[in-house]
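The values are calculated or read from the model by the stated rules, or taken from the named source; none is laboratory data. Only a predicted model underlies this, so the values are computations on that prediction, with no experimental measurement involved. Positions of Cβ are generated from backbone atoms using ideal geometry, with glycine treated the same way; all protein chains shown enter the neighbour counts.
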Amino acid sequence: MISQVETLYLIASFLFILGLRGLTAAHTARRGLILAELGMVFAIWGTLIHPDITRHLDHIGWFQTYKWILLTFFIGSAIGIAISALIPMTRMPERIALSHAFGGLAAALVGVSEYYREYGHIDHTTMGALGFEVLFGGLTFTGSLMAFGKLSGLIPGRNITWPLQNQSNILMFGGTFVLLVLVTIDPSNQVLFYAMAAMPLLLGILFVAPIGGADMPVVITLLNSYAGLAASATGFALNNNVLIIAGAIDGASGFILSVVMSKAMNRSFRNVLFGAFGKVDEGDAAKVAAGGERVQEASVGDAAMLLSGAGSVIVCPGYGMAVAQAQHVVGELAEILEANGTEVRYAIHPVAGRMPGHMNVLLAEANIPYTSLLELEEINDDFKNTDVALVVGANDVVNPAAKNNPASSIYGMPVLNADLARSCIVLKRSMRPGFAGIENELFFAPNTVLTFGDAKDTLEKVVDALR
Amino acid sequence: MLEIFLGLYIFMLAAFVGYGVIKGVPALLHTPLMAFTNAISGISLVGSLVAAGAHYNDVSTVLGAIAVLCATINVVGGFWITDRMLRMFKKQDPKADAAGDAAS
């Protein structure tokens with residue numbers, strides 16, 4: 001029986017990796033997804049015939065054996081489908097954060113259940129694995145709930161700080177780790193184990209609390225990585241290879257994405273996690289104010305005229321587009337402009353939005369072909385030959401200060417060259433500075449005009465004017 | 001003791017394979033990638049299923065059942081939403097396609 005289980009797990013692992021390979025290109029992605037789904041079916045099948053479960057079949061019957069599994073599986077599927085089918089694309093970051101929370105909780109619970117069951121005959125290595133599982137699981141659970149709360153606005157998205165924050169957090173993390181070591185040395189000490197299981201729950205909250213909204217891409221990807229490590233640790237505790245493999249893949253994916261995100265912000269992990277970013281940069285703000293520069297405001301009509309006269313347009317979307325849910329009207333505008341013979345493309349900054357790829361999903365939802373969604377490196381040299389750069393709800397990612405003001409706190413971060421286009425239209429709610437809290441020189445440039453108002457509203461009026 | 005080393009070897013190799021493959025995923029698909037890996041890591045379902053179905057004791061069964069619930073939400077929901085996203089990614093405007101077909 002066990003060899004059947006292992007065979008099914010082996011097939012599942014193979015299909016997971018093959019499925020993941022499919023995701024390396026947009027046209028093979030769905031095929032990859034189907035392979036991975038098939039892999040999951042094999043993995044579940046393999047588990048349902050696990051000897052620990054089937055040994056009861058003969059004396060209590062299949063219903064008694066599988067009743068809890070069936071019940072929770074159906075409820076879970078219903079919830080999963082309901083959430084996934086109904087949630088709007090603009091809220092995808094929250095959805096992902098929530099699913100990390102579920103993943104972390106599942107791992108932590110399996111860990112506690114396993115400790116409870118095996119209590120008294122757990123060896124040191126198993127205990128270490130269980131410890132890591134519970135630690136990463138708990139941390140991921142509450143950390144992701146915090147991220148979810150911040151992203152959905154249930155709790156303030158700004159960075160919450162308190163005195164000696166980093167010191168106390170690091171101290172607590174160190175303390176948890178010491179508990180992990182102690183419980184590994186003495187697996188029979190229940191008090192130690194449950195203390196070690198509870199600490200990460202608190203740590204998750206305390207770690208995410210000081211991190212502000214625009215740093216969420218890094219937090220989400222890190223939590224993604226932790227969720228994977230928790231699953232992998234579960235695999236070590238249960239001697240289950242498919243769990244180790246799937247968890248390692250998830251961990252690697254989260255790790256890669258968080259490195260990509262940090263690079264795109266030109267910041268180190270340490271800076272994101274312990275930096276308490278987002279304080280207003282006095283130097284930058286004062287400099288701009290002293291210059292007495294003024295922004296040029298453009299009416300909807302002016303903006304429409306500029307766009308209709310343009311031969312080429314590059315749209316630079318940002319988080320503001322998601323907030324205003326303006327992606328569909330961006331698509332409509334592009335359609336009208338293209339019918340006019342204007343070339344419309346999109347410049348996607350890696351950290352535009354609240355999670356990796358956020359803007360791509362929104363624009364794809366608005367029926368924009370993915371071939372016109374270009375990454376920063378692909379399109380940045382084209383701005384100088386472009387008539388109009390249309391900035392929709394983006395700020396820091398188009399700030400030229402990152403290129404030419406060494407005093408700025410975002411200096412060195414890769415940015416879109418919207419300032420190099422012949423003219424630039426910025427759709428903005430107000431003159432409030434972006435997340436980094438610094439003024440944006442782009443807004444004061446002679447070839448930039450600003451149209452104030454809700455991005456969706458403004459674009460709808462522009463579309464009407466062009467029709 | 002041997003098992004833990006076997007596990008570490010598997011972990012190391014899988015992490016490298018994962019790293020190599022995922023490096024090739026374009027930024028375009030990073031959100032679907034997160035949903036996808038999330039669904040796959042719902043594989044902790046496998047551990048929860050045993051805990052919930054093996055009738056070791058009541059505590060394990062209850063904790064296992066809750067874990068099955070959470071993991072199932074991730075597996076089913078994760079695959080569902082990945083599919084929903086991937087269906088949106090189109091190479092060309094469907095209308096342009098239709099126009100192209102009509103012209104040819």
Within the stretch A:277-285, can one find any residue that is at pLDDT below 85 and of a type in the set (Lys, Arg)? yes
Looking for something touching a Phe, Trp or Tyr at 6+ places or on another chain (Cβ under 8 Å), touching a residue at least 60 places away in the same chain (Cβ under 8 Å), crowded, with 18+ Cβ neighbours inside 10 Å and at the interface with chain B (Cβ under 9 Å from one of its Cβ atoms) - is there at least one such residue anywhere in the stretch A:19-30? yes
Please state which of the following conditions B:Ala67 fails to meet, knowing it meets all the rest: (1) within 7 Å of chain A (Cβ to nearest Cβ); (2) under 30 Å from A:Leu362 (Cα atoms). (2)
Filtering the stretch B:37-59 for residues that are surrounded by fewer than 24 Cβ atoms within 10 Å (Cβ to Cβ) and among the small types (Gly, Ala, Ser) leaves a count of 1
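Would you call A:Leu71 at pLDDT 95 or above and more than 7 Å from chain B (Cβ to nearest Cβ)?
On the way: at pLDDT 95 or above: no; more than 7 Å from chain B (Cβ to nearest Cβ): yes.
No: the conditions fail for A:Leu71.
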Which members of the stretch A:137-164 meet the condition of being modelled with pLDDT under 80 and either surrounded by fewer than 17 Cβ atoms within 10 Å (Cβ to Cβ) or within 30 Å of B:Ser44 (Cα to Cα) (or both)? A:Pro156, A:Arg158, A:Thr161, A:Trp162, A:Pro163, A:Leu164
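Across the stretch A:96-108, what is the number of residues that are at the interface with chain B (Cβ under 8 Å from one of its Cβ atoms) and either charged (D, E, K, R) or within 15 Å of B:Leu63 (Cβ to Cβ) (or both)?
Here is the first cut: in the stretch A:96-108, the residues at the interface with chain B (Cβ under 8 Å from one of its Cβ atoms) are A:96, A:99-100, A:102-103, A:105-107.
When the remaining residues are screened for being either charged (D, E, K, R) or within 15 Å of B:Leu63 (Cβ to Cβ) (or both), the result is A:102, A:105-107.
The total comes to 4.
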Of the conditions (1) within 9 Å of another protein chain (Cβ to nearest Cβ); (2) of a type in the set (Phe, Trp, Tyr); (3) surrounded by 15 or more Cβ atoms within 10 Å (Cβ to Cβ); (4) farther than 19 Å from B:Asn38 by Cβ, the single one that A:Trp45 does not satisfy is (1)
Residue check, B:Tyr9 against (1) more than 7 Å from every other protein chain (Cβ to nearest Cβ); (2) buried (at least 18 other Cβ atoms within 10 Å of the Cβ); (3) aromatic (Phe, Trp, Tyr), all met but one. Which one? (2)
Can you pull out every residue in the stretch A:109-134 that is more than 9 Å from chain B (Cβ to nearest Cβ), within 13 Å of A:Ala231 (Cβ to Cβ) and among the aliphatic types (A, V, I, L, M)? A:Val134
Go through the residues of the stretch A:223-242 one by one and say whether even a single one is in contact with a helix residue (DSSP H, G or I) (Cβ under 7 Å, 6 or more places away or on another chain), assigned to a loop (DSSP other than H, G, I, E, B) and farther than 28 Å from A:Thr90 by Cβ. yes
Lone qualifier among B:Leu69, B:Leu29 - being under 20 Å from A:Leu70 (Cβ atoms) and hydrophobic (A, V, I, L, M, F, W, C): B:Leu69
Selection from the stretch A:74-95 of residues without any contact (Cβ under 8 Å) to a residue 24 or more places away in the chain, surrounded by 13 or more Cβ atoms within 10 Å (Cβ to Cβ) and either facing chain B (nearest Cβ under 8 Å) or touching a helix residue (DSSP H, G or I) at 6+ places or on another chain (Cβ under 8 Å) (or both) yields A:Ile75, A:Gly76, A:Ser77, A:Ile79, A:Gly80, A:Ile81, A:Ile83, A:Ser84, A:Ile87, A:Arg95
Would a scan of the stretch A:141-161 turn up a residue that is part of a helix (DSSP H, G or I), under 18 Å from A:Leu229 (Cα atoms) and in contact with a Ser or Thr (Cβ under 9 Å, 6 or more places away or on another chain)? yes
Against the definition (outside the structural domain of A:Pro369 (by TED's automatic domain parsing) and under 29 Å from the mean Cα position of the chain (by Cα)), how does A:Pro93 come out, yes or no? yes
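Here's the yes/no breakdown for (1) in contact (Cβ under 8 Å) with a residue 60 or more places away in the chain; (2) hydrophobic (A, V, I, L, M, F, W, C); (3) within 7 Å of chain B (Cβ to nearest Cβ); (4) in contact with a Lys or Arg (Cβ under 8 Å, 6 or more places away or on another chain):
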position: A:Pro200; (1), (2), (3), (4): yes, no, no, no
position: A:Leu206; (1), (2), (3), (4): no, yes, no, no
position: A:Ala209; (1), (2), (3), (4): yes, yes, no, no
position: A:Met216; (1), (2), (3), (4): yes, yes, no, yes
position: A:Ile220; (1), (2), (3), (4): yes, yes, no, yes
position: A:Gly228; (1), (2), (3), (4): no, no, yes, no
position: A:Ser232; (1), (2), (3), (4): no, no, yes, no
position: A:Ala246; (1), (2), (3), (4): yes, yes, yes, no
position: A:Gly251; (1), (2), (3), (4): no, no, yes, no
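Check every one of the helices (runs of 4 or more DSSP H) wholly within the stretch A:305-420 and list those with 1 or more residues that are within 12 Å of another protein chain (Cβ to nearest Cβ) and surrounded by fewer than 22 Cβ atoms within 10 Å (Cβ to Cβ). Spell out how you get there, then give the answer.
Details: elements: A:319-324, A:327-339, A:358-365, A:376-379, A:401-404.
Hits in the stretch A:305-420: A:327-339, A:358-365, A:376-379.
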